[in-house]
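Below is one structure; the comments refer to it alone.
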Amino acid sequence: MCHLAGFQPGQQVLDVGCGVATTAVEISRRFGCHVTAIDIDPLMLGRATANVQAAGAANVTVAKADVQALEFPDAAFDRVVIEAVTMFVDRRRAAQEIVRVCRPGGRVLDHEFIYRRPPTTEIRRIFEGEVCPGISFDTADDWMLLYQHAGLTGIQHTTGPFAMMTPLGMVRDEGVGNLLAMLARVAWRRAYRRKMAWLMSRMLRVMPYLGYIVLAGTKPTAQSSRAA
Ligand SMILES: C[S@@+](CC[C@H](N)C(=O)[O-])C[C@H]1O[C@@H](n2cnc3c(N)ncnc32)[C@H](O)[C@@H]1O
C-alpha cells in the first residue's frame, strides 16, 4: 500500500477507520506525513490515542468521524487511506466521501477482502453471516468498479491470499512476542478457548476462498478530465 501511495514528507493523509492507529503511526514515522486518523468507535479511538502518545507521533491527530458523512471540506487531503473498513459500511457512500475529501491529483488507497474464487452459499453464510455479520464484499473487479464510479482514474491494484490467520501470517502481523501473549490470554480462560475453537473451525473452511486487494487510484484534476 505504501508503495502505491507515493507518500511524501509534509503530505496531509487521512486514515479512515484507523482502528488502533498502527498504520497512521507507521505512515507518519516512515514518510514524515501529517496523519489525521479517524474512527467511529470510542474504544478504538481510546486505544489509537494511547498508541499515538506511546509512539511519540506528534504528526498524528486522532478524531471521531463516520466515513459515510465526513465533516472535512472537499479536497482537504493529499492521500486518503482506508483499510478493512469499506466492506463494513455503505460502500458507495463511503467511496464518494473518500474521493470528495481527496484533492484533485491526490490518491486514494483502499485495502479490503475479496473472494479469490466464487464462494458457495454455505461459505458466504459462514463468513458473512456468522464470522463477520454485516460484512459485504465480492471480487477485485467489484472494488475497482466501485472506485471507477466514484471518480478515480488510473486505478492500480494488487491481490493476494488471506494469510492473516495462518500461523506464519499471525507471526508476521503480530510479531512473536504479541502472538505468544495473545495465545496465553486465550489459553487462560475457557470462554476464550471455546470462542477461538469456534472461530478457527469456521476460518479454516473459509480461508481458501478469501484474499485481499490493495487498490490505488488518482482523483483527476480539471485539466486531466478535460484532456480525457
Ligand atoms: C477491521 S477494523 C480495521 C482497522 C484498521 N484500519 C486496520 O486495518 O487495522 C475496522 C475499523 O473501522 C471502523 N469503522 C467501522 N465503521 C466505521 C465508520 N462508519 N466510520 C469510520 N470508521 C468505522 C471500526 O471501528 C474499526 O476500527
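Below are the figures for this structure:
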| item | result |
| --- | --- |
| Of the criteria (1) modelled with pLDDT of 95 or more; (2) more than 17 Å from residue 116 (Cβ to Cβ), which one residue 223 fails | (1) |
| Helices (runs of 4 or more DSSP H) fully within the stretch 109-184 counting 1 or more residues that are among the hydrophobic types (A, V, I, L, M, F, W, C) and farther than 22 Å from residue 197 by Cα | 140-149 |
| Check on residue 105, under 19 Å from residue 213 (Cβ atoms) and either away from the ligand (no atom under 12 Å from the Cβ) or assigned to a loop (DSSP other than H, G, I, E, B) (or both) | no |
| Test: residue in the stretch 11-31 that is farther than 26 Å from residue 212 by Cα, of a type outside the set (S, T, N, Q) and over 18 Å from the mean Cα position of the chain (by Cα) | no |
| Residue that is modelled with the lowest pLDDT, among those in the stretch 169-194 that are small (Gly, Ala, Ser) and within 21 Å of the chain's Cα centre (by Cα) | 169 |
| The stretch 103-153: number of residues that are without any contact (Cβ under 8 Å) to a residue 40 or more places away in the chain and aliphatic (A, V, I, L, M) | 1 |
| Residue in the stretch 197-211 that is free of Cβ contacts under 8 Å to residues at least 60 places away in the same chain and outside any helix (DSSP H, G or I) present | no |
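The values are calculated or read from the model by the stated rules, or taken from the named source; none is laboratory data. Because the structure is a prediction, the values reported are computed rather than measured. Counting neighbours? That spans all protein chains shown, and the Cβs are built from the backbone with ideal geometry, glycine included.
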